[in-house]
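Data block below; observations after.
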Amino acid sequence: MTTKTNNRRDFLKTAGSAAALGCFLPLRNLGQDLLGPHSSKELKILIMGGTGFLGPAVVAALKARGHEITLFNRGRTRPNLFPELEKLRGDRNRDLSALKGRKWDGVIDNCGYHPSQIRKSTQALKTSSFYLFVSTVSVYEQGSKMDTHENSPLGTIENPEKARVTNDTYGPLKALCEKATTKAFPKNSVIVRPGLIVGPGDPTDRFTYWPARVARGSELLAPGNPQWGTQYIDVRDLAMWMVHLCEKRITGTYNAVGPKSPTPFGDLLESCKRVSKSDATFRWMSVPFMKTNKVTAWGDMPAYVNPPQGMTRPARYANSAAVGAGLVFRPLDETVAATLEFHKSRGEDYKIRTGIHVEKEKRILKIWHQDQAKKPAKK
């Protein structure tokens, strides 16, 4: 899943309005508590950001656990969200004065993309007790043919201080953000590396495409082998786990991917079909067929990547460390149902941002049938 398009920053940078981000479901749909009773101690938590996709889910999780929340951001993305919360305005690139003299039990930083930003924020927040930095699995060295663990090689970049955040520099710069975090908070920080974050509120549609497309029914193209696994994490599970890490002061670095074992892509599509009560029929394309007909993994077929050359299945991110640190996952059907509900709330005129174009899919389906007709009948 480590691809150049696996980058929430690019979308959030260009999204200029609530309409661009899509409709947002009520908080009650984002705050399900999978971790047991509320915390016995109320914590004061600062969120750097807080109004994009992951941020509101974290707010919901913190509220569900009874904690006190402060948001620090520029006030440009949905500034009217959460009127009941304390909001500090500033720009982490230039003006952190609103943080001066303040101390929090925990800081959740989900909008740091350059190490210079992290150095400034950790300096301003050095008296706070705990720092959680949201990184990404894109930190890993590109092109790996092996399954990826937390100690796998990281990407590097020349002249990082002069580098702008692009698809190519995003991962290596995030890796340097991690380093800056642990240098500033060597004994009381945690690094969270999500993969594909999915669920209600997702502005990218990289997962939403499948529940929405399957719900439309009829024939549809499906990628690769139905037994090949895919990995993702429900934004609500990620948010609740991040709160758990803050509550328990759990340190270290973790791949925040789910489910516990990769979901076969066929199971994902069957879940979409079951939840939407669709009559969809799946036409599975081989990797050679996809390449010949220019059907792209991750672009035309969201949430799917081809196996690396020489491997018989897609590469995986190990999540045993995160599971050992309390990460739990809700049933797939629940994620699909909430995602579909969110998608429907955006209205019939909403256009999915990713996935194969309708006309292209029709054309490739015709080719697929012609290809199947040429094959000898099975005895």
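The values are calculated or read from the model by the stated rules, or taken from the named source; none is laboratory data. What you are looking at is a predicted structure, and each value in this text was computed from that prediction instead of being measured. Note: ideal-geometry Cβ built from the backbone for every residue, glycine included; neighbour counts use all protein chains shown. Ligands, DNA and RNA are stripped out before the accessible areas are found, and what is left, the full protein with its side chains, is counted by its heavy atoms. Shrake-Rupley method; radii C 1.70, N 1.55, O 1.52, S 1.80 Å.
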inquiry  = Please state the shape class of the range 231-379: rounded when a/c is under 1.5, otherwise prolate if a/b exceeds b/c and oblate if not, all from the C-alpha gyration tensor.
reply    = prolate
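Can you tally the net charge around Ala337? Count Lys and Arg as +1, Asp and Glu as -1, for every other residue whose Cβ sits under 12 Å from the Cβ of Ala337. Please report the intermediate quantities before stating the final value.
Values: positive: Arg274, Lys277, Arg330, Lys344; negative: Asp234, Asp333, Glu334, Glu341.
Here the count lands on 0.
Given a Förster radius of 22 Å and the C-beta distance between Asp91 and Lys126 as r, what FRET efficiency does 1/(1 + (r/R0)^6) yield to the nearest 0.05?
Between Asp91 and Lys126 the formula returns 0.70.
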Separation between Cα centres of the range 114-128 and the range 241-283, rounded to whole Å = 32
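Explain nothing, just the number: relative contact order of the range 193-249, from Cα pairs under 8 Å at least 6 residues apart, as a whole percent. Can you show the working numbers first?
Values: 27 pairs, mean separation 27.9, N = 57.
So the answer I get is 49 percent.
How large is the dipole of the chain about the Cα centre if only Lys and Arg carry +1 and Asp and Glu carry -1, each at its Cβ, rounded to the nearest 20 debye? Please report the intermediate quantities before stating the final value.
On the way: 58 positive and 35 negative charges, 117 e Å.
Using Cβ point charges on Lys, Arg, Asp and Glu, the chain gives about 560 debye.
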message = Let's test the formula: R0 of 45 Å, r as the Cβ-Cβ distance of Arg274 and Met146. What FRET efficiency results, to the nearest 0.05?
response = 0.85
note = Note: His369 to Ser345 extended length (0.36 nm per residue) minus current alpha-carbon separation gives 5.1 nm
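Run lengths n ≥ 4 of DSSP H only: what is the helix-derived mean residue ellipticity at 222 nm for the chain, with -39500 (n - 2.57) per run over all residues, to the nearest 500? Write down the numbers at each step before the final one.
Details: 12 runs with 123 residues, N = 379.
Using -39500 (n - 2.57) per qualifying helix, the result is -9500 deg cm²/dmol.
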ask   = Measuring with a 1.4 Å probe in the full set of protein chains, what accessible area per residue, in whole Å², belongs to the chain?
value = 46
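What's the FRET efficiency of Arg249 with Arg76 using the Cβ-Cβ distance as r and R₀ = 30 Å, to the nearest 0.05?
Working: r = 32 Å, r/R0 = 1.08.
The calculated FRET efficiency here is 0.40.
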message = If you take every residue apart from Lys187 with its C-beta less than 15 Å away from the C-beta of Lys187, what net charge results, scoring Lys and Arg +1 and Asp and Glu -1?
response = +4
ask   = With contacts defined as alpha carbon pairs under 8 Å and 6 or more residues apart, what's the relative contact order of the range 225-379 in percent?
value = 33
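What size of dipole, in debye to the nearest 20, comes out for the range 83-148 about its Cα centre when the only charges are +1 on Lys and Arg C-beta atoms and -1 on Asp and Glu C-beta atoms? Don't skip to the answer; put the middle values down first.
Values: 11 positive and 8 negative charges, 79 e Å.
About 380 debye.
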Trypsin sites (Lys or Arg not before Pro) restricted to the range 284-367 and DSSP loop, no more than 11 other C-beta within 10 Å = Lys294, Lys351
query = How high is the relative contact order of the chain, in percent, with contacts defined as C-alpha pairs under 8 Å that are six or more residues apart?
reply = 19
query = Protein chains only, probe 1.4 Å: how do Trp210, Trp284 rank by accessible area, largest first?
reply = Trp284, Trp210
ask   = Picking from Pro331, Pro308, Ser345, whose Cα lies most toward the positive end of the charge dipole for the chain (charges on Cβ: Lys, Arg +1; Asp, Glu -1)?
value = Pro308
inquiry  = Once neighbouring chains are kept in place and the probe is 1.4 Å, which whole percent of the accessible area of the chain is contributed by carbon and sulfur?
reply    = 51
remark   = Expressed in nanometres to one decimal, the distance between label points 7 Å along Cα→Cβ at Ala377 and Arg313 is 3.5
